[in-house]
């Protein structure tokens with residue numbers, strides 16, 4: 001497998017900037033004609049006011065995005081269930097079913113929405129294909145581009161490697177954060193934009209910090225490269241709460257690089273010199289710190305992403321990336337979230353684009369093409 005020097009971070013920067021530019025373009029399009037956004041949010045507000053159930057369905061990383069949005073909606077009082085999961089609730093008349101699918105043709109998602117129509121539920125979706133079966137089934141939808149818009153291509157020139165659904169998934173995550181912010185604010189469009197601006201501000205601050213000191217990122221990438229195919233070593237990603245969903249999303253994409261990424265169910269098989277990547281905006285999550293201390297006892301290598309460089313997580317990591325986005329008042333949000341007002345999860349979005357941009361750089365360094373990565377993608381959904 002051919003490797004090139006990670007002293008060149010051009011693919012990382014190009015991917016990061018592309019993801020931000022594409023997200024901004026998507027938000028601008030929504031703001032030009034916000035009727036679809038308002039209608040979508042009204043559906044969610046109605047299910048909350050009527051005491052009905054919101055059911056969320058999606059596969060792979062799209063499903064993870066749906067789950068993260070669902071957890072945010074719980075924080076503003078919506079009753080949420082995830083179709084296909086062990087505690088899924090029955091779909092009943094006047095419930096709302098929310099599908100997340102870039103292609104609009106994913107079998108499980110499309111079939112679930114079709115079946116929900118028979119139950120007389122209301123159907124809403126994030127999709128990248130207005131003409132797909134999902135695009136045609138739904139009562140309300142927000143269309144989020146799956147590919148590069150002409151304006152973004154013109155701005156950035158040749159598009160970097162951003163594998164498969166990354167553009168749709170991360171734009172959907174940003175729009176979803178804005179939707180929940182709008183519902184929480186009471187003024188949909190105003191709250192939508194305030195939430196998104198807060199997230200994008202954190203993303204731009206993080207990129208500026210990385211450019212001012214590239215060495216932690218270079219070490220982070222070099223370390224993951226050493227765990228590439230045939231290394232005989234395993235990689236684990238772990239987070240608590242919302243960060244557990246983020247860890248799952250990153251695990252999926254790293255596995256497409258033929259890196260031996262293990263699930264949390266395989267933690268008991270960890271070995272000396274394996275790698276743990278821990279994610280915690282606060283840096284004080286009890287469960288995450290327990291995992292880190294268990295890793296160090298092996299000993300394993302430990303890297304992390306956190307908003308607080310002096311936190312216990314950062315101090316117990318060989319390498320950490322400082323990611324903007326977690327306000328100090330939510331340092332121990334896992335214990336206190338029920339007592340807090342809704343907070344914008346900027347850390348989760350910024351960490352997501354950072355890790356996906358890392359994947360773009362790794363793919364270049366390891367000589368792995370997008371088609372090779374796609375061949376590693378699950379093909380039974």
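Taken together, the values in this text are just the output of simple stated rules run on the coordinates, not laboratory data. This one's a predicted model, so the numbers in the text were calculated from it and none came from an experiment. No Cβ is skipped: glycine too gets one built from the backbone with ideal geometry, and neighbour counts run over all protein chains shown.
Look at where the Cα atoms of the range 97-116 and of the range 35-79 average out, and the two centres are 15 Å apart. Specify the angular offset, from 0 to 90 degrees and rounded to the nearest 10, of the alpha carbon long axis of helix 188-212 from the longest principal axis of the alpha carbons in the chain. On a 0 to 90 degree scale, this one is about 10. Between residue 369 and residue 263, the modelled labels are 3.1 nm apart [label points 7 Å from Cα along Cα→Cβ]. For the chain, the longest principal axis of the Cα atoms and the long axis of helix 166-185 meet at an angle of about 60 degrees. Any chance you could give the angle, 0 to 90 degrees and rounded to 10, that helix 215-225 forms with the longest Cα principal axis of the chain? In the chain, helix 215-225 runs at an angle near 90 degrees to the longest axis.
Net length available on complete extension from residue 79 to residue 117 is 11.7 nm, with 0.36 nm assigned per residue and the Cα-Cα distance removed. Put a dot 7 Å past the Cα of residue 10, heading toward its Cβ, do the same for residue 318, and the two dots end up 3.0 nm apart. Taking packing as the residue-averaged number of other Cβ atoms within 10 angstrom, the listed peptides 59-70, 105-116, 257-268 run from highest to lowest as 59-70, 105-116, 257-268.
The alpha carbon radius of gyration of the range 214-375, expressed as a multiple of 2.2 N^0.38 Å, is 1.00.
By the count of neighbouring beta-carbon atoms within 10 Å, fewest first, 132, 35 end up ordered 35, 132.
Taking the inverse of the mean 1/r over every pair of distinct Cα atoms in the chain gives a Kirkwood hydrodynamic radius of 21.0 Å.
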